[in-house]
Each structure stands twice: as structure tokens, then as C-alpha cells.
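The values are calculated or read from the model by the stated rules, or taken from the named source; none is laboratory data. What you see is a predicted model; the values in this text were computed from it and never measured. Glycine also receives a Cβ, built like all others from the backbone with ideal geometry; neighbour counts cover every protein chain displayed. Each accessible area value is taken on the protein alone, full model and side chains, heavy atoms only, with ligands, DNA and RNA left out. Shrake-Rupley method; radii C 1.70, N 1.55, O 1.52, S 1.80 Å.
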Amino acid sequence: MPKTLAEKVYDAHVVRSAEGEPDLLYIDLHLVHEVTSPQAFDGLRAAGRTVRRPDLTMATEDHNVPTLDVLAPIADPVSRAQVEALRANAAEFGIRLAPMGDRDQGIVHVIGPQLGLTQPGMTIVCGDSHTSTHGAFGALAFGIGTSEVEHVLATQTLPQYRPKQMAVTVEGRLPEGVSAKDVILAVIARIGTNGAAGHVIEYRGSAIEALSMEARMTICNMSIEAGARAGLIAPDQTTFDFLQGRPHAPQGADWDAAVAHWRTLRTDEGAVFDTEVVLDAAELTPFVTWGTNPGQGLPIGGSVPDPAAMTDENERRAAEQALAYMGLTPGTPLREIEVDTVFLGSCTNGRIEDLRTAAELLRGRRIDAHTRMLVVPGSVGVKLQAEAEGLDRVFTEAGAEWRGAGCSMCLGMNPDQLQPGERSASTSNRNFQGRQGKGGRTHLVSPSVAAATALTGRLTAPADLQSADLTSAGA
Amino acid sequence: MQPFTTHTGTAAPLRRSAVDTDQIIPAEYLKRITRTGFEDGLFVAWRRNEPDFVLNQPQYAGASILVAGPDFGTGSSREHACWALLDGGFRVVISSRFADIFKNNSTKSGLLTVVLPQADVEALWAAVEADPATAVTVDLQARQVSYGEVTVPFEVDEYTRWRLLEGLDDVGLTERHLAEVEDYESRRPAWLPKALPALPA
């Protein structure tokens, strides 16, 4: 029977299948961070269990880490205790850890691909919903809770139910200035914040095939914002070229064997998807969110919607609550919304290509005098590469702050937070109430919209800059 | 995990859709390394900032069943959201649709998530708003929610129901099948990556 890519990967990992029970799936890679793991390690200790496969487990510190003075002890004692708990657990159970200060440290979903640990056809889990990022390589990768973290640590397996299959097909060419972030925000606006519940999404079509690995990661990363269990993209030459030569990629004859297998990881002709969504790439424009969930977004040329015009009662009530929180008035053009802070970073848009895109727009210009911009590389590796390319100087000369690597203002578990009422344009993944700081107001945007917005101080598409009267640095 | 068989209590009507896990418990409360005491973070922003928020109303203070709008629990994978609800005195959440990871986490932590059609959720909202003291019974054995003269059936898969009724821990169940795990491991391709530090090429 023809199978989808996700079904092939799933079936290849079934350890045990029995009528009336969930399947037992083998997990090829378990990524661990400090926030969702301490209670899982406590559970192992309480039951006298060990980590079954420390060699398939890797830990890093990302959520709590400050992005200033990264080599100093963490000032917040609660954050520090959590990071220290991870260090103690990694040492006790023999798990590799990339701690603050290590060249492999970074956001867990940035370092897996960077090290070549993320490969096509694997099953990958982490106690973090953005694990879907790794699906960009054709892996089946999904977020789990702490009880499941404990289960994987103890058994290297997870009980799972077979997910439904959704195809999101994007054909055609993306217009200039329209990026992967705009594609995924448009998808989520179309199907809703939980519209893909119970499904794995396969992104396909010529517009997806033309994307770089970084851009594919941005798309798969936000699968969870549409409620999907996971999102993935069939591996191809772009995938293989990205992986070849990375520290954990196969070498020599192993590489050839791996690539031969990876080439089979495609959805078969005639495979059936439970749900299909089709987008025309040529019709997409830069997308921004106006509300408090990632599905509440519009093309940047639009205006703040009027809840009174919404027919669905739940949708209307949600929009009213969102606008009250966001301090927005129906009918306001999105381009007139002024922001205080621009955040460039996160597991969604904190990779080298994202920084290059933003830097290109900022080069030789100054950001708006009333706007602050934080640039937070997704990993130490990304930071070092950006510095080798001189991007850090582009950002600082434009007036932005160049920080250390971590999750940072995506969720404000470290000191990088919005103040109450402060408004941001953020390349992260969630515009939930209070996500970036108590009372903070978030508009999700792409890296190029973030950079353009930093220059003008209000939501701006990169194409607007060519016509705008902008003052160059030193002019 | 504490077994769940049947529960009777009062219910709080949460008339909001797409309640995300950042609202259930914000990230700053996730820094703790213990597994208990998360009730102080439960819906903390709404409790602090909105005097009319349902859990600020004295008539719903002792509720143990939360009746929420569609798409409850979207967002993060934090199981702390389930722990905060349990620590805050809730044993059951009813909604017409849950986010997958939240629902999955709830079955691991002993919080019962019950899916009812939106029309039944609306009826239950109306009933508990008319009389907050309405006793609501959620019977996992019989797979039904009942209050007053109303009884509504709900679906739950047999395996999950059995685990919840018995309060069984998944790790223990999987350990019965370790021979099959070992057999699978013996067949994995050798080129699959190991996370241990890579040697220089």
C-alpha cells in the first residue's frame, strides 16, 4: 500500500504493535533541556532506573540562560538552580551536556541540526513543543511532556497512536521579500491555531522544495502553532548538502549507505492524506499577527479586524479578548502599529540565514531612535559564524544589541523580557498573552519584516523601505 | 499516578477558546525542579488582572471541574500545565477540543480530559452559570458526564481508560517488553548518529 513519508518513518520505528494498545515507537535521538527534565530525572532516581541509551541523548542549557555576561553565574537563583540540576543529572546519568560557555551550546533545536545529529528518517523527541523543527530533515520529531521524557530516558521508546496525515502544498515562487515565516503564518491563519490537531503535516510543492534548510526549519518549527503533532519535509539534495561534513553526519561508506536510504524517504505516488491544504506561493505577502494566538494573522497590507464582523461566536469572543489585551482598535492599518522592541532570534528564526537576511537590510542604516532591537543568535555556533562574517558589527553599527545565544525573549525565562504594555515585533513563534513578559504585546514577523520594522519603528515590509525616506548611517 | 474512577464536584465555566499553556501557567513558574506546588501559577495573569475572571468569583472558588472553550491547552509541551490544574484542585477539564500534547500529558498525570460536543459544553456552561452549586459527576467507568437531569456520554479509548482507572505508570508497562526493544536495537543501522562527542574528522 502506498505510504506517506511520515508513515514510512513511523512504521520503521514500531518496536511493538498490539490490538487495542498504542504502538511502542523507538526513539533515535532524545534532546534534553533544563526546564522539562528535572522531574523526569527525579522519577528515574525514585524508581532506581537508569538512562537506557545515554549515547542517544544530548542535553543543553537554553531557556534560562542570560544573553549578557554568559560566563558569569546566573543571577536569578531559581534559574541557576534549574541549570545546576541539569548539570548534576547529566553527570550522574552519563549524558553529554553542552553547557553555557561551550561552543556547542544553544537552543536545543538549533544545535541538533548544526551538529548533524538531526538526520532524515529518524525519530526525535524533546520535552519541548518546537521539536517539530527537526522535521525539516524528513525526521519524525515531536514535543513531549515530562512524564514522557522520563519514559524515553528509561526505555528509549514511547507509546504512540498513529497520527492522521495532512498535506500542505505550496506551489509556485515566493515573491521577493516573502519568506518561510510568512508561508507558515499564512498556513496557520488558514487552518487555525489547533487546526492540524491529531495530524502530522507534510509540507510539499515547488515553493517548499526551493527553500534552504534554514527556511524549512522555520516552517516545520511552527507546525505546533497549527496544533500538529509534527511537521516534515522530504529530504533531498539540499538536505544532504547541508548535512555532509557535519560532526555527527555519517562518513565514507556509511554516508553512501545513509544517502541511499534517505532517498527512499518520499511519499509514495497514490498515498492518501486525511486532509489537504493548498497555497499559491505567488499570492503570499509578508504576514504579521495582530492577536494573541499565532492563527490571528494577516498580510501586512491589512488592517486590524473588527470582531463585530465575525460570525463564529468563539472566534469573535477570542478576537475581542485579543484586541483588548493588544491595545488595538479595529480598522487600524497594520503598518501604522508602532513597536518599542524588535526581537530577532529563537528556534524559529535564530539561524545564520535569518541573521544574514536582517543584516542585509540594516547594513549602513540606523534603527529608529525610539526602538530597541535585540539580536540573539540561536546557538554559539551561529554566533561565531555571524561574527566571522562581520554581521555583529552590522547590527551594532545600526544601533541593535548583539547578545549571547539562547531562547531569550521568545519566552522571557531569562532577564530578556518586555515590560507591561510594551509592544514587540518578534521573529519568535508565540504571541500568547504575557509570553515575552507580563503585559507584553507581541506581533510575530519574519526576519526581514523585523529589520524593516526596527528601521521605521512601526510594522514595515522590506519592500516599503525602497520607497521610504530613510536616513542612512552617517548621512 | 492517582487512579481516576469517578468524580463529583462543582464546575467552573471558562468561556474562552484556545486557552494556551502560557495562560494555564506562565514560563516563570516552570523554573522549579519539584513536581508539586504549581497552584500559585495557575491562570495567574487572569487571576491578578481580571477581577471578573471566573476563578476570582467566590461561587466558583471550590470548583474541581473546568469547563473550557474549544482548543484548550494549545502551545507548549509543559506538563506543568496539568500539574498546575491538579495542584489547583481540578480533576477534570471538559472541552470540545484539546491540543494534542496537553491531552497526552493529562493522561500521564491523572488529570481527566473529557471531549464533549460544543453544544453540550454550552449547555453545561448555562447550567453552572444558573446554579454554581450544581453537582457534576464525571464517571470514567461509565464514560458519562451527568448533572441535574442531564446525562451526556463521552468517548475515551479503552487503553487510556484502563490506565487511568488503574493509575498505571507507562514506564512499568513498557518494561514488560524490553526483549522486543533489545531486538529492535539489534536491527538499527550502524550509521545512525550517537550523541557522544564526535571525534575530529
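Figures for the structure shown
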read-out	value
Where a residue in the stretch A:98-116 is touching a residue at least 60 places away in the same chain (Cβ under 8 Å) and polar (S, T, N, Q) and its partner, wherever it lies, is in a loop (DSSP other than H, G, I, E, B) and surrounded by fewer than 23 Cβ atoms within 10 Å (Cβ to Cβ), with Cβ under 9 Å and at least six apart	A:GLN105/A:VAL70; A:GLN105/A:PRO99; A:GLN114/A:ASP104; A:GLN114/A:ARG246; A:GLN114/A:PRO247
Number of the condition not met by B:GLU155 [criteria: (1) touching a helix residue (DSSP H, G or I) at 6+ places or on another chain (Cβ under 9 Å); (2) not in a helix (DSSP H, G or I); (3) not β-branched (Val, Ile, Thr)]	(1)
Residue check, A:ARG216 open to solvent by 10 Å² or more (accessible area, probe 1.4 Å) and either in contact (Cβ under 8 Å) with a residue 12 or more places away in the chain or under 25 Å from A:ASP11 (Cα atoms) (or both)	no
Some residue of the stretch A:277-288 being of a type in the set (Gly, Ala, Ser) and open to solvent by 20 Å² or more (accessible area, probe 1.4 Å)	yes
Residue satisfying all of: in the stretch A:38-66; more than 9 Å from every other protein chain (Cβ to nearest Cβ) and of a type in the set (S, T, N, Q); most open to solvent (accessible area, probe 1.4 Å) among these	A:THR50
Scope the stretch B:110-129; condition open to solvent by less than 20 Å² (accessible area, probe 1.4 Å) and in a helix (DSSP H, G or I); matching residues	B:VAL121, B:LEU124, B:TRP125, B:VAL128
Index of the failed condition, A:ILE111 passing every other in (1) more than 30 Å from A:ASN349 (Cβ to Cβ); (2) surrounded by 24 or more Cβ atoms within 10 Å (Cβ to Cβ)	(1)
Considering residues of the stretch B:158-178 that are more than 10 Å from chain A (Cβ to nearest Cβ) and part of a helix (DSSP H, G or I) only, the residue most open to solvent (accessible area, probe 1.4 Å)	B:GLU166
Unique match (being over 23 Å from the mean Cα position of the chain (by Cα), under 21 Å from A:PHE287 (Cβ atoms) and within 14 Å of chain B (Cβ to nearest Cβ)) among A:GLU320, A:GLU315	A:GLU315
Failed criterion for B:PHE102 (all others in (1) at the interface with chain A (Cβ under 9 Å from one of its Cβ atoms); (2) over 9 Å from the mean Cα position of the chain (by Cα); (3) open to solvent by less than 10 Å² (accessible area, probe 1.4 Å) hold)	(2)
Extreme residue, nearest to the chain's Cα centre (by Cα), among residues of the stretch A:415-446 that are outside any loop (DSSP other than H, G, I, E, B) and of a type in the set (Gly, Ala, Ser)	A:SER426
Looking only at the stretch B:1-54, and only at residues there that are without any contact (Cβ under 8 Å) to a residue 12 or more places away in the chain and among the β-branched types (Val, Ile, Thr), the one that is nearest to B:SER109 (Cα to Cα)	B:THR34
Residue match in the stretch A:329-339 (condition: within 19 Å of A:VAL65 (Cβ to Cβ), among the acidic types (Asp, Glu) and surrounded by fewer than 17 Cβ atoms within 10 Å (Cβ to Cβ))	no
Qualifying residue in the stretch B:109-130 (condition: at pLDDT below 95 and among the polar types (S, T, N, Q))	yes
Any hit, the stretch A:80-90, residues being more than 10 Å from chain B (Cβ to nearest Cβ), open to solvent by less than 10 Å² (accessible area, probe 1.4 Å), more than 20 Å from A:MET213 (Cα to Cα) and in contact (Cβ under 8 Å) with a residue 12 or more places away in the chain	yes
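Yes/no per residue for (1) under 26 Å from A:GLY101 (Cβ atoms); (2) open to solvent by less than 10 Å² (accessible area, probe 1.4 Å); (3) within 14 Å of chain B (Cβ to nearest Cβ):
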site	(1), (2), (3)
A:VAL394	yes, no, no
A:ALA398	no, yes, no
A:LEU411	yes, no, yes
A:GLN417	yes, no, yes
A:ARG430	no, yes, yes
